[in-house]
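Below is one structure, written out as structure tokens; the observations come after it.
The values are calculated or read from the model by the stated rules, or taken from the named source; none is laboratory data. Quick caveat: nothing in here was measured; it's all calculated off a predicted structure. Cβ: placed from backbone, ideal geometry, glycine included. Neighbour counts: every protein chain shown. Accessible surface areas use protein heavy atoms only, side chains included; no ligands, DNA or RNA. Shrake-Rupley method; radii C 1.70, N 1.55, O 1.52, S 1.80 Å.
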Amino acid sequence: MKVNVINKSNNELPAYQTESSAGLDLRANLEEPINLKPMQRVLVPTGLFMELPKGYEAQIRPRSGLAYKHGITVLNSPGTIDADYRGELKVLLVNLSDESFLIENGERIAQMVIAKHEQIDWNLVETLEDSERSAGGFGSTGKS
Ligand SMILES: O=c1ccn([C@H]2C[C@H](O)[C@@H](COP(=O)(O)OP(=O)(O)OP(=O)(O)O)O2)c(=O)[nH]1
Ligand SMILES: [Mg+2]
């Protein structure tokens with residue numbers, strides 16, 4: 001599927017790193033590096049603007065390596081990019097480690113998964129059909 005994109009960054013377009021990757025790695029578009037202190041959050045620009053077809057969304061997800069090695073994750077994970085959004089794609093990172101983390105221009109800071117989604121119409125009712133689970137949740141089936 002082709003997706004219209006404007007690249008105002010000084011980086012290459014997000015790319016799948018392997019043939020069957022689900023996520024396109026997003027790069028920070030920065031004039032100066034950002035030093036992200038412990039427990040600080042920052043909205044990182046990508047310089048990208050895109051036009052998803054109706055019925056699709058993009059999810060901004062953390063990269064596991066950054067999370068594991070540096071405690072850097074996406075605060076609103078998964079971030080939701082609506083198909084009708086025409087603004088700049090931004091990534092909300094947070095540093096959950098006890099050390100500062102330097103984000104440099106061009107660094108792959110998160111990944112973006114494009115997914116199909118449904119929109120629904122509500123059918124307002126008084127009762128719901130019972131099921132095996134019924135109202136059980138939050139550990140109702142036991143620990144392991
Ligand atoms: O990580 C993110 C999350 C959102 N957005 C952009 C695209 C999305 O379509 C728009 C709105 O996002 P969301 O609905 O999550 O934010 P909101 O706080 O509900 O704001 P709004 O009232 O604008 O919907 O912001 C990003 O660039 N990055
Ligand atoms: Mg919203």
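Structural remarks
- Residue within region 43-54 that is open to solvent by less than 70 Å² (accessible area, probe 1.4 Å) and over 16 Å from the mean Cα position of the chain (by Cα) present: yes
- Number of residues in region 5-15 that are open to solvent by 100 Å² or more (accessible area, probe 1.4 Å), at pLDDT 95 or above and of a type outside the set (D, E) equals 1.
- Identity of the residue in region 79-89, near ligand 1 (Cβ under 8 Å from one of its atoms) and open to solvent by 30 Å² or more (accessible area, probe 1.4 Å), that ends up nearest to the chain's Cα centre (by Cα): T80
- Screening region 62-94 for residues that are assigned to a strand (DSSP E or B) and in contact (Cβ under 8 Å) with a residue 40 or more places away in the chain and picking the one that is farthest from L48 (Cα to Cα) gives V94.
- Whenever a residue of region 95-111 is within 22 Å of I81 (Cβ to Cβ), its partners that are open to solvent by 70 Å² or more (accessible area, probe 1.4 Å) and not in a loop (DSSP other than H, G, I, E, B), lying with C-beta atoms within less than 7 angstrom and at least six residues away or across chains, give the pairs A110/R61; Q111/R61.
- Sole exception among (1) open to solvent by less than 70 Å² (accessible area, probe 1.4 Å); (2) farther than 18 Å from K116 by Cα; (3) within 15 Å of the chain's Cα centre (by Cα) for E57, by number: (2)
- Test: L96 is open to solvent by 70 Å² or more (accessible area, probe 1.4 Å), hydrophobic (A, V, I, L, M, F, W, C), more than 16 Å from ligand 1 (Cβ to nearest atom) and under 20 Å from the mean Cα position of the chain (by Cα): yes
- Selected residue [modelled with pLDDT under 95, outside any strand (DSSP E or B), open to solvent by 60 Å² or more (accessible area, probe 1.4 Å) and not basic (K, R)] from S131, S144: S144
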